[in-house]
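Have a look at the structure below before the remarks.
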Amino acid sequence: MIKERTELATSHLSGLLDFWLTKSVGGKPPVPSTIAPADLRPWKDNIVIFEVIGEDDFVYSYYGKSLAAAFGRSRLGATLEDLPEEQRAILRPEYESVRREGLPVARTYTADFSGVRRSWERLVLPMSSDGEQIDKLLVAAYELPKCAPVAQPATPATSSPSSSNAKTPGATA
């Protein structure tokens, strides 16, 4: 489980991680039935919940209103396979890692969203109905405040529209 707590950029995600840690028992991710919908009220508009289907697919079973507004629509009921290839290529390995390791993963990313460059911090939290196999993922995302651009040395342009910085919010014991 988590040995050392890493701070996140957004206080909302720090609070959610702290909540998740209080629900974790014996070094195992929380059992979803121990989390009441009211418990998630502070984050409800900025979370999505994935049900793990079979060995390799994920279905959106909850989609927060703020995320639906930010990304132009809700994906409730959609699968990871329904996303564009470039998004699947980033999310699938991240979600598989969380399933395999049973540990949270956080990352910041910047991308073009409908012509507007935006930065987000996201946190992926595993949950397990049987205490062993990860069968749900609780994902929260918050937009980071815009900062003044930092002067950077000239470099050749890349074709990648986004950048990412992934981390596990803590170290494994």
### Query
Within the stretch 41-58, how many residues are part of a helix (DSSP H, G or I) and either on the phi > 0 side of the Ramachandran plot or in contact (Cβ under 8 Å) with a residue 12 or more places away in the chain (or both)?
5
### Task
Identify the residue in the stretch 34-72 that is over 15 Å from the mean Cα position of the chain (by Cα) and of a type in the set (Val, Ile, Thr) and, among all such residues, is surrounded by the most Cβ atoms within 10 Å (Cβ to Cβ).
Ile35
### Query
Is it the case that the stretch 112-123 has a residue that's surrounded by 15 or more Cβ atoms within 10 Å (Cβ to Cβ), acidic (Asp, Glu) and out of contact with any Gly (no Cβ under 7 Å at 6 or more places or on another chain)?
yes
### Task
Determine which single condition Pro84 fails, assuming it passes every other condition in (1) exposed (fewer than 12 other Cβ atoms within 10 Å of the Cβ); (2) without any contact (Cβ under 8 Å) to a residue 24 or more places away in the chain; (3) of a type outside the set (Val, Ile, Thr); (4) under 18 Å from Leu137 (Cα atoms).
(4)
### Task
Give the residues of the stretch 72-119 that are of a type in the set (D, E, K, R) and within 19 Å of Leu8 (Cα to Cα), sorted by residue number.
Glu94, Arg107, Arg118
### Query
Is it the case that some residue within the stretch 6-24 is exposed (fewer than 15 other Cβ atoms within 10 Å of the Cβ), touching a strand residue (DSSP E or B) at 6+ places or on another chain (Cβ under 9 Å), part of a loop (DSSP other than H, G, I, E, B) and of a type in the set (Ser, Thr, Tyr)?
yes
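Every number in this text was worked out from the coordinates using simple rules, so none of it is lab data. What you see is a predicted model, and the numbers here were worked out from it, not measured in a lab. Cβ atoms come from the backbone with ideal geometry, glycine included; neighbour counts cover every protein chain shown.
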